[in-house]
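Notes to accompany the following structure.
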Amino acid sequence: MGLFVAQVLTGLANAAALFLVASGLSLIFGVTRIVNFAHGSFYMLGAFIGYSLMQVLPGMFGFWASVVLAGLAVGVIGVIVEICVLRPVYKAPELFQLVATFGVILVIQDLALLTWGADDVLGPRAPGLKGIVRIMDEPVPKYDLALIAITPFILFGLWYLIARTRVGILVRAATQDREMVGALGVNQAWLFTGVFFLGATLAGLGGAIQLPKGGADLLMDFNILAAIFVVVVIGGMGSLPGAYVAAVLISVLNVFGVTYLPQSTLVLMFVVMAVVLMIKPYGLFGREEVAGEHGQVGEPERPIKPAGIKVRVLVAVGILLLALLPVFGSSFSQVLTADVIIFCLFAASLHFILGLGGLVSFGHAAYFGGGAYVAALLVSYLQTPMEIAFLLAPVGAGFAAFIIGWLCMRLTGVYFAMLTLAFAQLLWSLVYQWGEFTGGDDGLVDIWPSEWLNSTTPYYYFTLVFGIGGILLLRHVAHSPFGYALRASRDSARQAEATGINTKRVQWLAFTFAGAVAGLSGALFVFSKGSVFPTELEVARSFDALIVIFLGGVKTLSGAIVGGASLEYAKDFLTRFEYWRLTLGLIIIFVVILAPEGISGTLRKLAERIGIMKDPDSNHSKIRNPAVNAKAHTRENTRENTREDP
Amino acid sequence: MIDVKNVDSYYGKAQILNDLSFSIGEGEVVSILGRNGAGKTTTLKSIMQLVRPRTGSVMFNGTELVGLPPYKVAKVGLGYVPEERRIFTDLTILENMEVGRQPPRDGVPQWSVDLLFELFPNLSERRGNRGKALSGGEQQMLTIARTMMGNPRCLLLDEPSEGIAPVIVEQMVETILRIKKQRLTVVLSEQNLHFARLVADRAIIIEGGEKRFDGTFAELDAQPEIQEKYLSV
Ligand SMILES: Nc1ncnc2c1ncn2[C@@H]1O[C@H](COP(=O)(O)OP(=O)(O)OP(=O)(O)O)[C@@H](O)[C@H]1O
Ligand SMILES: [Mg+2]
């Protein structure tokens, strides 16, 4: 009994930081609709800044002042990020801002490395709260009790702010309809900035307040990310009490997990989430997302067309050049180009569900890494011949996508995205923690291809054939009736249903197919490297693909390919420098700000402006009688998006 | 008070308003009439800058509105009541009104929660209820009340009579007439000529985004062919 109580208390204490960070994320998302991936970075900064302040501010007062000041400092950093990075891209298409927050993660990582060095720092203990108390004969740190006592006050303060003050009313109103709030005379820009300040401050406070328990290190940004997503999703997006309850639930379970199931602590969290979402798809306290937000008037999308003759020739020349690479290129260039092709295939598979299907998956690495692990496990344990393992990898990854897709399909929008991320993390933690079977952190090694492929040039051709083949297959499916059904489900689920398309099933199949293709790229990857580590399943890997798609341009497959190739080459080049993350992060941020339609979209706009390319819609705007024309125009677009190409 | 000059507005590449010009004097109540899709809503949105006119100018008491963000347009004294109402369904009636609250303005009547509850007794009874629990008519009243909390100099009302019961429409007429007595300028878009006639001094008819008629109701009655052509009477 005593142990039980002590463990519950530890869990409650651990929940404090988690709740602070998660509630900040939830607030920011509610108002700005931005999934702030840099939130973990704010948390990390809070910890480091708090640590530095505690070195100079003495005593009990100094400790708590440091915590508060660290929170405020991170709040100010959040404001800088919001004003410099996010404001210029609020008008960009949905979720594009996400990419900017990736850039911020990279920049903050290197700035933290520069400022505080690579070593973990041990958090100072809180003056006056150093010892333990015995509760039912079990030792409980005094600091834990302090955290348990403080958290409800913070929860109440936040609740009061949101539920009872004018600012809170405006925030809640903006969560529902920003444009209307603006039309009523409220400057949304400052409301956004204010919310960002508050959210970042909460994350910073969370980082500083957990110092005596956890210290600070450079990995804590990514480490907390999955946990706060889980908390927000379990609690229900935008619900403060929900975030608190979920944080407590996760933390308490985690403490028990450490005691009774030490092998499964990471997995446990995701299992809980999956169970909760099966019962309540929008979280414990969440409400169904209101579909059809106001004020999102965008230009209608261009219909995708079969490639013209010029494009075909260009692609053929490109493939020919790739095929000739071994003749004139070094073996290093072949290895690098193979990496690029593998990555492009992976990105293209994500583009299939994201661009065509409108399903934003944050966890696509699960299928890339999943494919790699399937092949590696088959080879390691069953001595499966490489050729068979290679073919089974996409099957395995596709199966995983089939199951996960089924579980996620009932959700939409950002809930869907979070859930895919959580499942990817589940897979990652399984691989990471089930060391006897998967090798854990040490990975699986000695996974080489068969004799006939086991040198650079043959494997390069192998990659070329399957990589390009996979991409062409994706393209082919996109232009098949299945591809039309998929786009129809994205553009107007209701209309698609009315024409007899089972939209959920179409999307589910597309998700499975994309997973299988990602698995194929994973299989190509594992045999080219000869090994696989859990990093291939990580959030960061999923992010890579997302960055590429958003930067390249969500609308076109070529965008994904061009983006994929650029990022992979840029990384190869930049990683030779010490602070490459900073550079890459800044590049990403600048591209986002300067080319909010993605690289390919912006290039096309530019080409249209200087007259290289014809604007395909220009004939519409010449017609007069505007109202009639406008109606015809919108109707035509819906039709074009869904019709079958001749 | 409002001078719309040569305004062209677009949604993407589709031109909706075509060289639209009209003016509205202080204290006037003007009705913009036209069929579905004529461009009435777009006209009001172009004044409010929720749709940014590509060319032309919208002057309000000597201030150019084109190019201002909507919140600044609201700050100079325009109150916008959208056609789809767009009340905040998760907020209570009182909270909805709080969102619209702006500091008092010189030379215009000042509204408070109490005054507005007097005007809309139905809302008063349900002040603690959330927006989503309201009927269509109550929602319409709430949008007007919410906008009045900003003490506007000029009210832009988009189809206030749409989709509400005749009894409520009558109440709405009364409300607008009371607002009018306070010498507030009102621009309302309508398809319902009968309703417009009861409250407005003047009619502007648009069709296909162009102005087809501008004059008093007596003048309009003298030209039945115009009514025939541009209004679904
Ligand atoms: N968001 C939009 N995107 C593209 N076209 C639009 C959009 N909103 C309106 N339109 C088109 O603009 C034209 C004018 O619309 P508007 O809403 O101004 O008409 P209205 O006179 O208010 O009609 P109603 O009486 O039905 O409210 C219509 O042809 C409509 O199809
Ligand atoms: Mg309208």
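Please return the ranges of helices (runs of 4 or more DSSP H) entirely within segment B:23-142 where 2 or more residues are more than 9 Å from every other protein chain (Cβ to nearest Cβ) and surrounded by fewer than 19 Cβ atoms within 10 Å (Cβ to Cβ).
Details: elements: B:40-48, B:70-75, B:93-100, B:113-119, B:121-125.
Result: B:113-119, B:121-125.
Please work out if B:D19 is of a type outside the set (A, V, I, L, M, F, W, C), within 16 Å of ligand 1 (Cβ to nearest atom) and touching a Lys or Arg at 6+ places or on another chain (Cβ under 6 Å). Lay out the reasoning, then the answer.
Numbers: of a type outside the set (A, V, I, L, M, F, W, C): yes; within 16 Å of ligand 1 (Cβ to nearest atom): yes; touching a Lys or Arg at 6+ places or on another chain (Cβ under 6 Å): no.
Judged against the criteria, B:D19 is not a match.
Check off (1) surrounded by fewer than 24 Cβ atoms within 10 Å (Cβ to Cβ); (2) at negative phi for A:G24 and give me the number that stays unchecked.
Here A:G24 meets the rest and fails (1).
Select from segment B:144-170 the residues that are under 11 Å from the mean Cα position of the chain (by Cα) and more than 19 Å from B:N192 (Cα to Cα) and write down the one among them that is nearest to ligand 2 (Cβ to nearest atom).
B:T147
Residues that are in contact (Cβ under 8 Å) with a residue 60 or more places away in the chain, within 14 Å of ligand 2 (Cβ to nearest atom) and either farther than 24 Å from B:K72 by Cα or within 13 Å of the chain's Cα centre (by Cα) (or both): does segment B:171-187 have at least one? Spell out the reasoning first.
The first filter runs over segment B:171-187 and keeps only residues in contact (Cβ under 8 Å) with a residue 60 or more places away in the chain, leaving B:176, B:180, B:182-187.
Those still in the list that are within 14 Å of ligand 2 (Cβ to nearest atom) too: B:187.
Next cut, either farther than 24 Å from B:K72 by Cα or within 13 Å of the chain's Cα centre (by Cα) (or both) only: B:187.
Yes, the conditions are met somewhere in segment B:171-187.
Filter segment A:175-191 down to the residues that are in a helix (DSSP H, G or I) and surrounded by fewer than 24 Cβ atoms within 10 Å (Cβ to Cβ), then identify the one that is nearest to the chain's Cα centre (by Cα).
Residues of segment A:175-191 that are in a helix (DSSP H, G or I), as a first pass: A:175-176, A:178-183, A:188-191.
Still in the running and surrounded by fewer than 24 Cβ atoms within 10 Å (Cβ to Cβ): A:175-176, A:178-179, A:188-191.
Working: A:T175: 22, A:Q176: 24, A:R178: 24, A:E179: 27, A:Q188: 26, A:A189: 25, A:W190: 27, A:L191: 25 Å.
Looking at the filtered set, the residue picked out is A:T175.
Taking segment B:22-38 on its own, how many of its residues are among the small types (G, A, S) and within 7 Å of ligand 1 (Cβ to nearest atom)? Please lay out each step first, then the result.
First, the residues of segment B:22-38 that are among the small types (G, A, S): B:23, B:25, B:27, B:31, B:34, B:37-38.
Then keep just the ones that are within 7 Å of ligand 1 (Cβ to nearest atom); that gives B:34, B:37-38.
So the answer is 3.
Output the residues belonging to segment A:257-281 that are of a type in the set (G, A, S) and in contact with a Lys or Arg (Cβ under 7 Å, 6 or more places away or on another chain). Lay out the reasoning, then the answer.
Here is the first cut: in segment A:257-281, the ones of a type in the set (G, A, S) are A:257, A:264, A:274.
Once the filter is applied, which keeps residues that are of a type in the set (G, A, S) and in contact with a Lys or Arg (Cβ under 7 Å, 6 or more places away or on another chain), segment A:257-281 yields nothing.
Results for (1) touching a strand residue (DSSP E or B) at 6+ places or on another chain (Cβ under 7 Å); (2) of a type outside the set (V, I, T), shown as yes or no for each residue.
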{"site": "B:G131", "(1), (2)": "no, yes"}
{"site": "B:P160", "(1), (2)": "yes, yes"}
{"site": "B:K180", "(1), (2)": "yes, yes"}
{"site": "B:E190", "(1), (2)": "yes, yes"}
{"site": "B:D201", "(1), (2)": "yes, yes"}
{"site": "B:I206", "(1), (2)": "yes, no"}
{"site": "B:F217", "(1), (2)": "yes, yes"}
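Do the conditions hold for A:L586, that is, is it at pLDDT 85 or above, closer than 27 Å to A:G469 by Cα and either acidic (D, E) or surrounded by fewer than 20 Cβ atoms within 10 Å (Cβ to Cβ) (or both)?
Numbers: at pLDDT 85 or above: yes; closer than 27 Å to A:G469 by Cα: no; either acidic (D, E) or surrounded by fewer than 20 Cβ atoms within 10 Å (Cβ to Cβ) (or both): yes.
Judged against the criteria, A:L586 is not a match.
Confirm whether A:A545 is in contact (Cβ under 8 Å) with a residue 60 or more places away in the chain and part of a helix (DSSP H, G or I).
Working: in contact (Cβ under 8 Å) with a residue 60 or more places away in the chain: yes; part of a helix (DSSP H, G or I): yes.
When the stated conditions are applied, A:A545 passes them.
Considering only residues that are assigned to a strand (DSSP E or B) and away from ligand 1 (no atom under 16 Å from the Cβ), which ones fall in segment B:206-232? Lay out the reasoning, then the answer.
So the first thing to find is which residues in segment B:206-232 are assigned to a strand (DSSP E or B), and the list is B:206-207, B:210-216.
B:D214, B:G215, B:T216 - these are the residues of segment B:206-232 that are assigned to a strand (DSSP E or B) and away from ligand 1 (no atom under 16 Å from the Cβ).
If I filter segment A:174-191 for residues that are more than 10 Å from chain B (Cβ to nearest Cβ) and in contact with a Leu (Cβ under 7 Å, 6 or more places away or on another chain), do I get at least one hit?
So the first thing to find is which residues in segment A:174-191 are more than 10 Å from chain B (Cβ to nearest Cβ), and the list is A:178.
Right, trim to in contact with a Leu (Cβ under 7 Å, 6 or more places away or on another chain) and you get none.
No, segment A:174-191 has no match at all.
Kindly indicate which of B:E210, B:E190 is within 30 Å of B:Y11 (Cβ to Cβ), surrounded by 15 or more Cβ atoms within 10 Å (Cβ to Cβ) and within 12 Å of chain A (Cβ to nearest Cβ).
Working: B:E190 fails: within 12 Å of chain A (Cβ to nearest Cβ).
It is B:E210.
Based on what the data block shows, is A:L218 within 24 Å of A:I108 (Cβ to Cβ) and within 28 Å of the chain's Cα centre (by Cα)?
Details: within 24 Å of A:I108 (Cβ to Cβ): yes; within 28 Å of the chain's Cα centre (by Cα): yes.
Criteria met by A:L218.
Filtering segment B:36-75 down to residues that are touching a strand residue (DSSP E or B) at 6+ places or on another chain (Cβ under 7 Å) and of a type in the set (S, T, N, Q), which residue is nearest to ligand 2 (Cβ to nearest atom)?
Here the residue is B:T41.
Being touching a helix residue (DSSP H, G or I) at 6+ places or on another chain (Cβ under 8 Å), over 20 Å from A:A183 (Cα atoms) and either within 16 Å of ligand 2 (Cβ to nearest atom) or not polar (S, T, N, Q) (or both) is the requirement here; does B:L33 meet it?
On the way: touching a helix residue (DSSP H, G or I) at 6+ places or on another chain (Cβ under 8 Å): yes; over 20 Å from A:A183 (Cα atoms): yes; either within 16 Å of ligand 2 (Cβ to nearest atom) or not polar (S, T, N, Q) (or both): yes.
For B:L33, the condition - touching a helix residue (DSSP H, G or I) at 6+ places or on another chain (Cβ under 8 Å), over 20 Å from A:A183 (Cα atoms) and either within 16 Å of ligand 2 (Cβ to nearest atom) or not polar (S, T, N, Q) (or both) - is met.
Each row is one residue, and each column tells you yes or no for (1) surrounded by fewer than 24 Cβ atoms within 10 Å (Cβ to Cβ); (2) touching a Gly at 6+ places or on another chain (Cβ under 6 Å).
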{"position": "A:M220", "(1), (2)": "yes, no"}
{"position": "A:I228", "(1), (2)": "no, no"}
{"position": "A:I234", "(1), (2)": "no, yes"}
{"position": "A:I250", "(1), (2)": "no, no"}
{"position": "A:N254", "(1), (2)": "yes, no"}
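When you go through A:G440, A:G470 one by one, which is the residue that is on the phi > 0 side of the Ramachandran plot, under 28 Å from the mean Cα position of the chain (by Cα) and in contact (Cβ under 8 Å) with a residue 60 or more places away in the chain? Write out each step before concluding.
Values: A:G470 fails: on the phi > 0 side of the Ramachandran plot.
None of the others qualify; the one that does is A:G440.
Determine whether A:G413 is under 22 Å from A:G369 (Cβ atoms), surrounded by fewer than 21 Cβ atoms within 10 Å (Cβ to Cβ) and modelled with pLDDT under 85. If you could, list the steps in order and put the result at the bottom.
On the way: under 22 Å from A:G369 (Cβ atoms): no; surrounded by fewer than 21 Cβ atoms within 10 Å (Cβ to Cβ): yes; modelled with pLDDT under 85: yes.
So A:G413 fails the test.
The values are calculated or read from the model by the stated rules, or taken from the named source; none is laboratory data. Since this is a predicted model, take the numbers as computed values, not measurements. Please note: Cβ atoms are built from the backbone with ideal geometry, for glycine as well, and neighbour counts cover all protein chains shown.
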